[in-house]
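> Just dropping this structure here.
The values are calculated or read from the model by the stated rules, or taken from the named source; none is laboratory data. What you see is a predicted model, and the numbers here were worked out from it, not measured in a lab. Note that we place each Cβ from the backbone using ideal geometry, even for glycine, and neighbour counts take in every protein chain shown. To get the accessible areas, we keep the full protein, side chains included, count just its heavy atoms, and leave off ligands, DNA and RNA. Shrake-Rupley method; radii C 1.70, N 1.55, O 1.52, S 1.80 Å.
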Amino acid sequence: MTKTETWLRGGTIVDGTGAPPRTGDVAIAGEVTSRVTPPGAVPAHPRDEIDCTGMTITPGFIDIHTHSDLSFVHHPSATSKIMQGVTTEVVGNCGFSPFPVHPHRRETLVDFLRGISVPRTNIPWSDFAGYADAVDAYRPIMNVAPLAGHGALRIAAAGTRDVTVDGDLLRTMERLLRECLDQGAFGLSTGLSYVPSQFAGQDEINALARVVHDHDALYATHARATPDPFDSFDEAIDVGKATGVRVQYSHLALNDPRMWGRADDVLAHFQQAVDAGIDVRYDVYPYDASASSLTQYLPAWVQADGEDRIRRVLADRAGFVRARDELAEGLFGSITWDWERVVVSLAGPDDEDLEGLSIARGAEMRGMAPEELCLRLAMRYGNRARVVLFYRTEEDVAAFLAHPLAIVGSDGTAMPVTAPGRPHPRSYGSHARLLHRYVATEGRLTLTDAVHKATLAPARRIGITDRGVLTQGARADIAVFDAPAIRDTATWTDPCQLATGVRDVWINGEQAVADGEPTGCRAGRVLRRSSR
Ligand SMILES: [Zn+2]
């Protein structure tokens, strides 16, 4: 007996491939898209039909860069993402992943994960398979495609210390990575500005990238903070050149005022590498500000070895003074601080009045130097203290989004309707903002191009073969939205605002959003890389 089909009738189909929009019908049967036909080509009973006249039907969005590793444990509703039509979250980015776990360094990993705002979590598993089974047991609302984080691998092998990884240590890391990939991880990510990833040299990265290449998986890199940004682009490109691995440069942006307006030079640089045969692309999120844990901007010797050590180092007067003086030298040691552009998004119980204010203003209120305020917040709240940095320009962001090498990734996290503090609005608005601001309002991209960059392009990049495209036989991850009406409503001062304009969402053939409301259906799962 054939399964009953649900028909989405008369919508504008933008299928993810980059093909021009066309009017048509889409049928869902069980977990798959069973047919895509011209309008009315196949009759059906009216009770099995959903009118999509005036609506756009696309594959569900695949967010190639997120930190939702444990979101589905902490916030099973994940409304911030499904209300934008996102159906798959790629997690494990920037070197952060909740696996593998060394039994003696479980707490270190838990501390480390606070750098991506993961609340303290019991992590009973030891490897990718254990993590994936645990998340599946929570019945995630959407699909999760994990990368293995270099930071987690390095903590498992060597802790957070500044050591050279070679010989036996390197063999341990290679083995742990191979295990992750064999169990289904989609690749490796690095966070080269974070401890402990920042202690990794080129030999270590290349050795691990070779393992990734052997598995035909993805190498995603959050670049090192270098005085000349082109050095950080080249570091990523060189890994591709040396190993042949597929390289994804994470959250491309120009954060140095001296570089503002030079997006075209950067794009030419990446294009040149591609023309030379190197498989490199980048992802970008549609905002002119970044957000991170405050501790990331402290000198490396302060960050090394976890939160407790940060407190100990700074509690010592000499350590505090040295850290303050080094911090004053600039952002990543080279970019002059503009404390007006650094805004506290999350502090803690004794400093809630600072949330939403710049460090400049907060320091004035507390009667101390800005550097001192940063260190005090780090001492009090460790990796939990978060800041937003307004260190980018709209022009650069738009140029990065429009280029053919771009893939859209939010760098956000699946969140519930309300979250503590003021998170970056990207978690609530990236994909809606792409469609509203850059397609509908400014016309920087066509709808077709934007949808491609959020569906099939990321699917291909990460190695997902049965999603990201609206075609017969693909998994039924589908979004139906009112393209001109779509809005990101999350702002810097009021970020926990759901996007509007997405009417229906299906995940693995189950309806997760109906008539603009979440259904509560949790049909997602952890995806495992299948060897190709
Ligand atoms: Zn990152």
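> Would you calculate a helix-derived [θ] at 222 nm for the chain, using -39,500 (n - 2.57) for each DSSP H run of n ≥ 4 and dividing by the full residue count, to the nearest 500? Could the numbers behind the result be given before it?
Numbers: 18 runs with 171 residues, N = 532.
It lands at -9500 deg cm²/dmol.
> Give me the number: length gained by fully extending ALA44 to ASP275, i.e. 0.36 nm times residue separation minus the C-alpha to C-alpha distance, one decimal in nm.
Full extension from ALA44 to ASP275 adds 78.2 nm.
> While we're looking at this one, here's another question. Over the chain, with every protein chain in place, what whole percent of the accessible area is carbon and sulfur at 1.4 Å, could you tell me?
Working: 9250 of 19130 Å².
For the chain, the apolar C and S fraction of the accessible surface comes to 48 percent.
> Using a simple charge model, +1 on the beta-carbon of Lys and Arg, -1 on the beta-carbon of Asp and Glu, nothing else, what dipole does the chain show about its Cα centre, in debye to the nearest 20?
Working: 54 positive and 69 negative charges, 168 e Å.
The calculated dipole for the chain is roughly 800 debye.
> Give me the net charge of ALA369's neighbourhood, meaning all other residues with Cβ under 12 Å from the Cβ of ALA369; Lys, Arg count +1, Asp, Glu -1. Walk me through the numbers on the way to the answer.
Working: positive: ARG324, ARG366, ARG376; negative: ASP325, GLU364, GLU371, GLU372.
Around ALA369, the surrounding residues sum to -1.
> When Lys and Arg each count +1 and Asp and Glu each count -1, what net charge do the other residues less than 11 Å away from TRP337, Cβ to Cβ, add up to?
Details: positive: ARG341; negative: GLU329, ASP338, GLU340, GLU371.
For residues surrounding TRP337, the net value is -3.
> Can you run the Rg to Rh ratio on the chain? Use alpha carbon positions and the Kirkwood inverse-distance Rh.
Values: Rg = 22.6 Å, Rh = 23.3 Å.
Reported Rg/Rh, Kirkwood definition of Rh: 0.97.
> Taking amide hydrogens as modeled 1.01 Å from N in the peptide plane, which residues meet the under 5 Å criterion relative to VAL86, leaving out close sequence neighbours?
Residues meeting the criterion, in which the H sits 1.01 Å from N, are PHE61.
> Per residue, how many Å² of accessible area does region 297-389 show with a 1.4 Å probe? Write out the running numbers ahead of the final one.
Numbers: 4020 Å² over 93 residues.
For region 297-389, the per-residue accessible area is 43 Å².
> Another one. Largest first, how would GLU395, GLU235 line up by accessible area (1.4 Å probe)?
Values: GLU395 110, GLU235 25 Å².
Ranked from most to least accessible, the order is GLU395, GLU235.
> Reachable lysines from LYS453, Cα under 30 Å, same-chain residues fewer than 8 places away excluded?
Here the lysines satisfying the reach criterion relative to LYS453 are LYS81, LYS241.
> Given a 1.4 Å probe and the protein chains all in place, what does the accessible area of ARG317 round to, in Å² to the nearest 10?
150
> Going highest first, how would you order 6-15, 482-491 by mean Cβ packing within 10 Å?
With the highest mean Cβ count within 10 Å placed first, the list reads 6-15, 482-491.
> Would you work out if region 297-389 is rounded, prolate or oblate? Take a ≥ b ≥ c from the square roots of the eigenvalues of the alpha-carbon gyration tensor; rounded if a/c is under 1.5, else prolate when a/b is larger than b/c, oblate otherwise.
On the way: a/c = 1.58, a/b = 1.21, b/c = 1.30.
In terms of gyration-tensor shape, oblate.
> Okay, moving on. Determine the sum of side-chain charges near GLY473: Lys and Arg each +1, Asp and Glu each -1, restricted to other residues whose C-beta is under 10 angstrom from that of GLY473.
On the way: positive: ARG35, ARG475; negative: ASP466.
It works out to a net charge of +1.
> While we're on this one: Multiply the residue gap between THR471 and TRP301 by 0.36 nm, knock off their C-alpha separation, and tell me the result in nm, one decimal place.
That works out to 56.0 nm of additional length.
> Give me the 1.4 Å probe accessible area per residue for region 14-85, excluding ligands and nucleic acids, in Å². Present the calculation step by step, with values, prior to reporting the outcome.
Numbers: 2420 Å² over 72 residues.
Ligands and nucleic acids excluded, the figure is 34 Å² per residue.
> Equivalent ellipsoid semi-axes for region 485-532, as square roots of 5 times the alpha carbon gyration tensor eigenvalues: give them largest first, rounded to whole Å. Provide the component values of the computation, followed by the final result.
Values: eigenvalues 143, 53, 21 Å².
Taking √(5λ) for each eigenvalue gives 27, 16, 10 Å, largest first.
> Can you give the accessible area of PHE230, probe radius 1.4 Å, in Å² rounded to 10?
30
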